[in-house]
Amino acid sequence: SGTYVQVIPYIYSVDAEGNEYNFLANYYRTTQELASNIFRKGYQWPFHATRVMDFGSSLLDMAVAQEQQSGRLVFMDFNRNPEVVPGDLPFSLDRLDDDVRTYLENNDALAPSPIERLQRMNPLSISLYKMHGYDLTTQPLQFAMNNQHMNGGIEVDIWGQTSLPGCFAVGEVAGTHGVTRPGGAALNAGQVFAVRLARFIGCTQKRNIDGDIAQLAAPALASIREIITQAHDNGSGMPLSVVREKIQARMSDYAGFICHADKVRRATRDALLLNEFVQRHGLAIKHVGEVAELFMWRHMALTSAAVLTQLTHYIDAGGGSRGARMVIDPQGKCLPQTRRGVKEEWRFRSELAEDKNHKLTIQYSQG
C-alpha cells in the first residue's frame with residue numbers, strides 16, 4: 001500500500017556503527033519539499049526518470065539507492081515526523097504542498113504523528129505487519145528500492161494468448177501495463193484479461209484431446225526427467241546458489257532502474273555466456289527438493305540474457321530513459337540537482353519522442 005509513505009514517516013539511514021543520517025536533507029531544499037515528496041511516493045511509486053529532475057519524488061529513489069550503495073540500512077519510522085532540512089523550518093502539517101495537504105485533509109488524516117495518520121487512513125496496513133510479528137507502532141521499518149515495473153513481458157494478443165497456441169499469460173508477466181504503468185493498468189491486465197481469456201477458452205478451445213494423453217505427454221516428461229537426472233548426477237554443473245547469485249547481481253547492477261549505458265553490453269555478453277554454459281553443461285542439484293529451483297534458474301538464465309540483449313539493442317540505437325529505467329550517460333542532456341548541487345554522475349539520457357512509436361520484441365530461436 002502506498003499509504004505507508006503517504007503518512008510521511010521519518011526516513012533515515014544507519015551505518016555499521018549505528019550512526020543515524022537524515023540523508024534526504026542532502027537532496028531536497030526545504031523541509032516542505034522533502035515531506036511532500038515522501039508523500040508523493042505513495043502514488044508515484046514506480047520510479048520514473050523525469051521525476052528525478054526538478055526535485056521530484058523519484059529523487060528519493062536515487063537517494064535511497066545511494067545510501068544502499070554506501071552500505072547503510074534505510075528505515076522509515078512511523079513514530080517520528082521528518083527531520084528538518086538544515087537552515088529551514090521544522091516539519092509542520094501546515095507547511096505541505098497544496099496537493100499533499102488537501103489529500104490528507106480529505107482523508108481525515110491531519111494527525112500529529114505518522115502512525116496516527118496511518119491508523120486513520122489504512123489501519124489494516126498496521127495489522128498486516130503485526131500478523132507477521134512486526135509492530136509498526138513501536139519499531140521502525142527497514143526498506144529498500146526495488147527493481148520493478150521494467151514493463152516487459154510475454155507478448156499476447158487481445159485475448160491474452162501467447163505465440164504458443166493454448167498458452168495464455170495474464171498480469172505483469174504479459175507485459176501489457178505500458179511503459180509508465182498508468183492507473184488501472186494492473187486491474188485491466190490482471191482481472192479484466194483473466195475474464196477475457198476464460199471466455200475465449202470457453203468458446204474456442206477443444207473439449208476433447210485427440211490421442212492418448214500419456215502418449216502426448218511422454219516426450220515432454222522424458223525431457224524433464226533427463227534434465228533432472230543430469231542435474232542430480234552432474235559433477236561439472238553449476239550449483240544453483242552460484243547461478244542465482246550471478247543472475248541477481250548482474251540484473252540488479254546493470255538492468256535495474258539505474259542503468260549505465262556504457263556497461264550493459266558487457267553484462268549482456270556475460271549473460272549470454274552463462275546461458276550457453278547452463279544449456280551445455282547444466283546445473284547441479286543435491287536433492288530432489290531443488291527440482292523446482294532447477295527449472296526456475298534454467299529459465300532465469302535464458303530470460304536475463306533476453307532482457308539484456310534487448311536492452312543493449314535499445315541503448316545502442318540511442319534509446320533514452322523510459323518508464324522505470326534511467327539510462328545513465330555522460331553525454332546525456334538531463335542533469336539532476338540536489339540541495340548540495342548537481343549530480344554529474346547521475347547525468348542521463350532524456351526520453352526520445354520517437355521511442356513512443358515503437359514496441360521492442362525479441363524472439364528465442366533455438367539453434
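Taking GluC sites (Glu not before Pro) across the stretch 6-110, the ones in a DSSP loop with at most 13 further Cβ atoms lying within 10 angstrom of their Cβ are Glu17. Based on the convex hull around the alpha carbon atoms, the stretch 277-330 presents an average projected area of 5.7 nm².
Counted over the chain, the DSSP beta bridges are approximately 75% antiparallel.
Summed over qualifying helices (DSSP H, 4 residues or more, each -39500 (n - 2.57)) and divided by its residue number, the chain shows a 222 nm mean residue ellipticity of -12500 deg cm²/dmol.
Mind checking which of Gly42, Gly18, Gly237 has the largest fluctuation in a GNM of the chain, springs on alpha carbons under 10 Å? Greatest mean-square fluctuation among the candidates belongs to Gly18.
Rounded to the nearest whole angstrom, the semi-axes of the ellipsoid equivalent to the stretch 3-143, taken from the Cα gyration tensor as √(5λ), stand at 21, 20, 14, largest first.
In plain terms, if you count all Cα to Cα distances in the stretch 47-117 and split them into 10 Å steps from zero, the share in each step is 16, 36, 42, 6 percent. The separation of the stretch 104-146 from the stretch 307-367, counted between C-alpha centres, amounts to 35 Å. Across all C-alpha atoms in the stretch 161-286, the radius of gyration and Dmax reach 20.2, 54 Å. Across all directions, the shadow cast by the convex hull of the chain built on its C-alpha atoms averages 23.3 square nanometres.
Select from Pro46, Pro86, Pro165 the residue whose mean-square fluctuation is largest in a Gaussian network model of the chain (Cα-Cα springs shorter than 10 Å). Taking springs between Cα atoms under 10 Å, the residue moving most is Pro165. Scanning residues 5 or more positions from His260 or on other chains, those with amide H under 5 Å from its amide H are Ile328, with H placed 1.01 Å from N in the peptide plane. Could you identify which residue out of Met62, Met326, Met131 has the top mean-square fluctuation in a GNM of the chain using Cα springs shorter than 10 Å? Result: Met131 has the largest fluctuation of those listed. All Cα-Cα distances of the stretch 1-83, cut into 5 Å bins from zero to the largest, leave 3, 16, 26, 28, 19, 6, 1, 0 percent in each bin in turn. Diagonalising the gyration tensor over the Cα atoms of the stretch 148-208 and scaling each eigenvalue by 5 before taking the square root yields semi-axes of 23, 12, 7 Å, largest first.
Dividing the alpha-carbon Rg of the stretch 65-214 by 2.2 N^0.38 Å yields what?
After normalising by residue count via 2.2 N^0.38 Å, the value is 1.58.
Legend: ranking of residues Thr138, Thr31 from fewest to most surrounding C-beta atoms inside 10 Å; resulting order Thr138, Thr31. Considering only His358, Gln331, Ala35, and ranking their Cα positions along the charge dipole of the chain that arises from unit charges at the beta-carbon of Lys, Arg, Asp and Glu, the one farthest toward the positive end is His358.
Only the coordinates and a few stated rules stand behind these numbers; no lab work does. Everything quoted here is computed from the prediction, not taken from an experiment. For neighbour counting, all protein chains shown are included, and Cβ atoms are generated from backbone atoms with ideal geometry for every residue, glycine included.
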